[in-house]
Amino acid sequence: MVKAMRFLLQEGAQMKKFLSMVLSLALVLCAIAPLTAYAVGDGNIDGGGGGMGSGTSTNVWNPGNDGVRVTVVRASDHAQVTTPIDFANKVPAATIYNFGKVSKLQYSNGVALTPIKGGYTAIKPVQAMPRIISTNGSNNIDAIKKYFCSEYVIKRIAEITGMNYDVLIGGQYKILLEPLAYYKFEGNMFVTTATEAALYDEITSGLLRKRMVSLTHKNLPLAMFLEVGDLGYPAWGGSKTSSASNADIKSSLGLGVVRFTEQPELPQIDAYDYEYRINTQVITAVRVSGGQSDPDHPTRVSFNVNGTTYNVGNVYYPDGDSQLAWIKWTTPATEQTISIQVTVSGPGSAAKTTINCKIVDLDKNPPPNPVADDRNDSFQTASVPQRAVKSSASWSVWRPWWQEFWVDRGHWESDSWTDSKGNFHSSRYWVSNWVDEGWWEFDLNRYSASLSASMSIKCDDKNPTASGRTMKSGYGINQTATGNISSNQSTAITQPQNAVSYFPEFCYETYWRLLERMGSGHFEFQKNNYSTYKNRTHFTPIWMPDGSYTVNTWVIDGWTPDGMLSANLTDSLTIRGSLWDDWHVAPLSPK
């Protein structure tokens, strides 16, 4: 290697300048269009510099002879995924001395500096780059950021590197930028990144620094450095105007990074309309999906109900899955229609939907007062109808947890010295930088609920001729109904809150009775205004034919995140005879 470097130094005096430039490459950085596209990247780039001093005919750099080396890097493991490409406003002759298209990452991982004479290529953008290397200490970093973070330029980089643009900006990749300088050293034209200049200076025993210090060890490395640590390299906290050591250049200078925030999928909301009863505690749920929601990128769901906003946080789910989000609230006391506005706020995006809720009052259609001369000669027995029944529900909640993955993102350092006998020595050693590059894993907690329900009817206690479960028509019956929901997430359910009874004389429609809740999950008939004793009774019609008398009760409003649990129940007793059988006409007593 030393011989190769000496060859480079000796060869230069005999080189002829090439008057023609390399033909324009087919792929160019920018098409002919104004550079006004909005920024899609986040530039982790800062810069500095100072005065250039003066050069000589054999060691000189002219302002504007600069460029940028671009490399696409995978964000997760810092692996280089594209061959570096060089951009320059003034493309040099192909015969310029160079060290190949090697990135700073490759040198940090132990790739040796290899001299190449000729064969150099660079791409000249139609839309010129801003000044990269400062000549008077003025910083041009804002223009550099704007240029390389624009959608316009990044699309061209994607095209040239052969990457899909949406994949490139999807958050899985970063772009490594390294400033380039084209300059004459010892009569030879060179192109180097800051890292290559530092490595070359070590090989030439400090001659490059001696000849070109203002360029290679100040303005070139200070043209770009990191504002915050990235890709295993630290943020630069040293001088922004003084020349730097080779060690500092290799470890911290001469690079910038364009990062991309992962483009989140727009949240998706699956919702449906509800019918609720008045004065009922209910659960309203939506299912949220789209992208991944975790503690670093959380999702929140807001429900606006009649002017009150309920916020649900910690809505987490892995990519490709979904999560239910729900609220528990109490419906108003009067019939009405309510529109619930639902807003899902995810990482960088939001979605909205509307849930329409119909609030009904079931206590508005009780049976009319039966009278002794009621008739229904056309009555026919009807079957008990099928009603919505759901005896069990299941739902789940994703719980994220952090999977640590520690990676040493250190870099190689090197030292060189000359001993007392004039012998040159060098050594390399690894400087560790352990970084947790873990990720979020998810556990799925499963929950369920099940409803048990029953009902029982019996002859009214005031029925004087009832016998067990047999009675005459025209007398009353009593009823009890029960419902209980068991669940391994009791905070996410309600117990059944309503029960409605339907009767065969009305073909299980037309009229019904809303039962009164006597306690949690326990229901009875409301007090009957037509009962002499104000009993909790239902009077059978006197015209009811003999046979089985079956009452149908729908137990409802046991709510879960997976919807309402309900049961469709029946119980029967036997009618034999009528109330008129218990009446008789007594003969008149003789005078």
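The values are calculated or read from the model by the stated rules, or taken from the named source; none is laboratory data. Source: prediction; values computed, not measured. We place every Cβ from the backbone using ideal geometry, glycine too, and count neighbours over all the protein chains shown.
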Exclusive hit being over 30 Å from H411 (Cβ atoms), among the hydroxyl-bearing types (S, T, Y) and buried (at least 21 other Cβ atoms within 10 Å of the Cβ), set S486, S473
S473
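Sort out which residues of segment 402-438 are part of a strand (DSSP E or B) and either of a type in the set (S, T, Y) or surrounded by 14 or more Cβ atoms within 10 Å (Cβ to Cβ) (or both), and write them in order of number.
V407, H411, W412, E413, S414, S416, T418, S426, S427, Y429, V435
What strands (runs of 3 or more DSSP E) lie completely within segment 516-578 and have 3 or more residues being buried (at least 19 other Cβ atoms within 10 Å of the Cβ) and either touching a residue at least 24 places away in the same chain (Cβ under 8 Å) or acidic (D, E) (or both)?
547-560, 563-578
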Per the filter on segment 513-529, residues within 19 Å of A466 (Cβ to Cβ) and in contact with a Phe, Trp or Tyr (Cβ under 9 Å, 6 or more places away or on another chain) are N528
When the residues of segment 519-566 are narrowed to those that are closer than 19 Å to S486 by Cα and among the aliphatic types (A, V, I, L, M), which ends up nearest to the chain's Cα centre (by Cα)?
M564
Taking the criterion of being outside the structural domain of E151 (by TED's automatic domain parsing), more than 25 Å from the chain's Cα centre (by Cα) and buried (at least 21 other Cβ atoms within 10 Å of the Cβ), would at least one residue in segment 260-278 satisfy it?
yes
In segment 292-334, which residues are basic (K, R) and within 19 Å of the chain's Cα centre (by Cα)?
R300
May I ask you to list the residues in segment 79-114 that are polar (S, T, N, Q) and either part of a helix (DSSP H, G or I) or in contact with a helix residue (DSSP H, G or I) (Cβ under 9 Å, 6 or more places away or on another chain) (or both)?
Q80, T82, T83, N98, S103, Q106, S108, T114
V305 touching a residue at least 40 places away in the same chain (Cβ under 8 Å) and not assigned by TED's automatic domain parsing to the domain that holds T204
no
Just wondering, is there one or more residues in segment 316-332 that are of a type in the set (S, T, N, Q), touching a Pro at 6+ places or on another chain (Cβ under 8 Å) and either assigned to a strand (DSSP E or B) or assigned by TED's automatic domain parsing to the domain that holds S293 (or both)?
no
Out of all the residues in segment 284-311, which are among the polar types (S, T, N, Q), surrounded by fewer than 18 Cβ atoms within 10 Å (Cβ to Cβ) and assigned to a loop (DSSP other than H, G, I, E, B)?
N306
Applying the selection to segment 98-128, what residues are closer than 18 Å to Y182 by Cα and either crowded, with 21+ Cβ neighbours inside 10 Å or in contact with a His (Cβ under 9 Å, 6 or more places away or on another chain) (or both)?
N98, F99, V102, S103, K104, Y120, A122, I123
Among the residues that make up segment 490-498, is at least one of them touching a Pro at 6+ places or on another chain (Cβ under 9 Å), modelled with pLDDT of 95 or more, of a type in the set (G, A, S) and not in a loop (DSSP other than H, G, I, E, B)?
yes
What are the residue pairs meeting all of these: first residue in segment 189-215, first residue assigned by TED's automatic domain parsing to the domain that holds I96, second residue outside any helix (DSSP H, G or I) and among the charged types (D, E, K, R), Cβ atoms under 8 Å, and 6 or more apart or on different chains?
F190/K184; V191/D86; T193/R69; T193/E178; A194/E178; T195/E178; L207/E186; R211/E186
